[in-house]
Amino acid sequence: MRGTDALLTARLAAGDDHALAEVFDRFGAVVYGAAVGVVGDGSAAQDVVQDVFVELWRHPDRYDPDAGSLRTYLLVLARNRAVDTVRSELRRIARQQRHFRLTPGEPPRSPGEEVLTADVASTVREAIRRLPDAQRRVIELAYFEGMTCREVALAAGIPEGTAKSRLRLALAKLETVLDRQLLESP
Amino acid sequence: MTAAPAPAGGELPAGLRARVLEASRRARAAGRSVPEVSEIAPVEAFRRAADALYGTLRALSGEDWRRPAIRDLDVQGLVGHLTGVEHDLQRALAGDPAVGRAGHVESTQGAAVRQAGRSPAETLGEWHDAAADTLTQVAERDGTSAIIALHGLELPLNAWLVARAFELWTHENDIRLASGLQAAVPDAATLTLMTRLAVGLLPHAVAGTGLGRAARVHLVLTGPGGGTWDVEVGDGGAIVPDPARASIVTDAAGFCRLVANRASPAGMELHITGDQPAAAGVLAAAASLALD
């Protein structure tokens with residue numbers, strides 16, 4: 001007799017949309033909570049939830065019941081999507097700041113965009129603020145100033161290899177912080 | 001970093017559930033199984049089933065050919081029965097109305113008992129030639145959609161070819177069981193055609209067994225060859241209530257064994273929710289589809 005997770009996944013693979021509704025009713029709140037923990041409770045979190053369940057529905061065979069619970073699998077998916085959201089937001093903020101510097105007087109974005117940006121950006125900025133000074137500096141130079149590793153090294157007065165390793169460490173730490181938040185979600 | 005408090009269950013934003021389900025259904029239509037299986041033609045399903053049976057028969061010992069298989073037939077007699085079915089199908093393809101009314105077992109019993117005293121090689125060769133003749137006659141026809149009457153049923157030739165693949169697989173497993181071999185499962189493409197045919201015939205089968213009430217049954221067949229269907233059964237012309245009254249989940253190969261009358265609901269891994277009598281009626285009807 002198959003376990004509940006294995007049966008649900010087999011039903012999803014068979015195209016049973018009733019099973020999808022069951023999975024959402026069972027884990028939707030947990031996945032949403034995990035997404036909120038990383039990107040805030042705006043529409044970005046809802047986008048993460050949608051991406052997670054669409055991914056499960058399109059590729060249920062990617063979940064292996066022998067490797068862990070469906071709940072854990074969905075939380076890992078949520079973590080990956082949420083971190084992707086944060087990363088792309090980091091890049092977007094950096095692009096925008098460079099753009100505003102070059103083209104003053106750009107019309108403001110819509111209220112919806114502002115809310116989304118505020119939610120995610122504040123989460124990201126808070127995570128960056130908590131980094132050690134040296135790591136925060138290279139992140140700010142690389143992402144917000146749009147510098148290459150070589151330029152970061154020159155600006156910070158450190159060897160290029162050091163700049164690269166600090167960037168790697170800083171990004172890994174950001175992900176760890178985001179992961180911990182996710183895992184602590186109910 | 002200050003994490004926003006994670007919401008407890010039941011605190012999902014309004015409309016998120018509907019939004020997620022709608023987006024999912026847009027990304028992949030409900031009903032179709034994944035990973036997707038390449039479609040094959042019904043005649044290819046028949047060819048594959050015949051090849052699989054031929055492989056099994058060639059590996060049998062002389063003693064295996066004499067083992068009891070089904071009804072009063074040993075393995076050799078069962079292969080003779082299959083030769084008889086091929087000959088009847090060929091007569092049906094030629095337009096002989098007599099085989100349309102003939103019984104599946106009665107009409108082929110002569111070919112089955114004729115095998116007594118013959119060598120297994122003779123029996124095997126005769127059946128193999130008969131199956132090859134069927135393939136030749138099908139290939140020579142102008143299309144495979146014509147209605148063919150055989151053994152009390154009228155079905156398009158395409159459906160007959162799948163039904164024949166179904167029968168060859170069923171009897172291959174009868175023979176494997178008699179010989180102490182593990183049961184075989186068709187490839188996913190063949191199994192897909194078999195489950196589709198069986199599900200398509202379910203409403204007629206239910207009507208034949210007199211389930212009576214109109215019902216919509218959500219049928220989920222898992223594993224290779226599976227899929228999901230809402231099967232409408234019951235009185236002809238009656239309004240079928242929505243949503244489904246009962247849900248049946250089982251694996252596709254097991255369902256095909258049930259349809260072949262080689263498994264009983266009691267011995268299957270079944271997950272039934274909702275109207276139990278309606279589900280039981282559908283399962284009983286599925287088993288009645290077997291020609292044997």
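The values are calculated or read from the model by the stated rules, or taken from the named source; none is laboratory data. Note that the structure is a prediction, hence the values are computed from the model and not measured. Heads up, the Cβs are rebuilt from the backbone with ideal geometry, glycines too, and the neighbour counts pull from every protein chain shown.
Quick check on my filter: what residues within the range A:1-37 are acidic (Asp, Glu), more than 7 Å from every other protein chain (Cβ to nearest Cβ) and within 30 Å of B:Ala266 (Cβ to Cβ)?
Of everything in the range A:1-37, those that are acidic (Asp, Glu), more than 7 Å from every other protein chain (Cβ to nearest Cβ) and within 30 Å of B:Ala266 (Cβ to Cβ) turn out to be A:Asp5, A:Glu22.
Give the number of residues within the range A:124-166 that are under 16 Å from A:Arg92 (Cα atoms) and of a type in the set (Gly, Ala, Ser).
So the answer is 2.
Per-residue answers, yes or no, for (1) modelled with pLDDT under 95; (2) more than 24 Å from A:Asp61 (Cα to Cα); (3) in a loop (DSSP other than H, G, I, E, B):
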position: B:Thr192; (1), (2), (3): no, no, no
position: B:Thr195; (1), (2), (3): no, no, no
position: B:Gly200; (1), (2), (3): yes, yes, no
position: B:Arg213; (1), (2), (3): yes, yes, yes
position: B:Val231; (1), (2), (3): yes, yes, no
position: B:Asp235; (1), (2), (3): yes, yes, yes
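Kindly evaluate A:Thr4 against the criterion of being at pLDDT 95 or above and of a type in the set (S, T, N, Q).
no
Restricting the first residue to the range B:141-158 and requiring it to be in contact (Cβ under 8 Å) with a residue 24 or more places away in the chain, which pairs with a second residue that is of a type outside the set (A, V, I, L, M, F, W, C) and in a loop (DSSP other than H, G, I, E, B) meet a Cβ separation below 6 Å and a spacing of at least six or different chains?
B:Leu157/B:Thr144; B:Asn158/B:Thr144
Each row is one residue, and each column tells you yes or no for (1) under 28 Å from A:Gly42 (Cα atoms); (2) modelled with pLDDT of 70 or more; (3) at the interface with chain B (Cβ under 10 Å from one of its Cβ atoms).
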| site | (1), (2), (3) |
| --- | --- |
| A:Arg109 | yes, no, no |
| A:Arg125 | yes, yes, yes |
| A:Gln135 | no, yes, no |
| A:Ala163 | no, yes, no |
| A:Ala172 | yes, yes, no |
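B:Ala30 fails exactly one of the following numbered conditions: (1) surrounded by 15 or more Cβ atoms within 10 Å (Cβ to Cβ); (2) in contact (Cβ under 8 Å) with a residue 40 or more places away in the chain; (3) under 20 Å from B:Thr170 (Cα atoms). What is the number of that condition?
B:Ala30 satisfies every listed condition except (3).
Only one residue in B:Leu181, B:Leu150, B:Leu191, B:Leu177 is under 15 Å from the mean Cα position of the chain (by Cα), within 22 Å of B:Ala260 (Cβ to Cβ) and hydrophobic (A, V, I, L, M, F, W, C), so which one is that?
Just a single option satisfies the conditions, and that option is B:Leu191.
Do we have B:Arg32 as within 19 Å of the chain's Cα centre (by Cα) and at negative phi here?
In short, yes.
Tally up the residues in the range B:108-135 that are of a type outside the set (S, T, N, Q), closer than 14 Å to B:Val75 by Cα and touching a helix residue (DSSP H, G or I) at 6+ places or on another chain (Cβ under 9 Å), please.
Looking only at that region, the number is 9.
Need at least 3 residues that are within 14 Å of chain A (Cβ to nearest Cβ) per element, so show me which helices (runs of 4 or more DSSP H) inside the range B:9-110 make the cut, counting only ones lying wholly within it.
Once the helices (runs of 4 or more DSSP H) in the range B:9-110 are filtered for at least 3 residues that are within 14 Å of chain A (Cβ to nearest Cβ), what remains is B:16-27.
Which pairs turn up if I take residues in the range B:219-233 that are within 16 Å of B:Ala244 (Cα to Cα) and more than 7 Å from every other protein chain (Cβ to nearest Cβ) and look for partners that are surrounded by fewer than 24 Cβ atoms within 10 Å (Cβ to Cβ) and of a type outside the set (A, V, I, L, M) with beta carbon separation below 6 Å, at least 6 apart in sequence or on another chain?
B:Leu219/B:Trp229; B:Asp230/B:Arg216; B:Asp230/B:His218; B:Glu232/B:Arg216; B:Val233/B:Pro203
Quickly run through the range B:54-65 and pick out the residues that are of a type outside the set (Phe, Trp, Tyr) and closer than 10 Å to B:Ala178 by Cβ.
Correct list: B:Leu60, B:Asp64.
Can you tell me which residue in the range A:44-60 is modelled with the highest pLDDT, limited to those that are farther than 15 Å from A:Val23 by Cα and within 9 Å of chain B (Cβ to nearest Cβ)?
A:Gln46
Just one of (1) more than 18 Å from B:Thr170 (Cα to Cα); (2) surrounded by 15 or more Cβ atoms within 10 Å (Cβ to Cβ) trips up B:Ser61, so point out which.
(2)
Scan (1) among the β-branched types (Val, Ile, Thr); (2) outside any helix (DSSP H, G or I); (3) surrounded by 21 or more Cβ atoms within 10 Å (Cβ to Cβ) for the single condition B:Thr123 breaks and write down its number.
It fails just one condition, (2).
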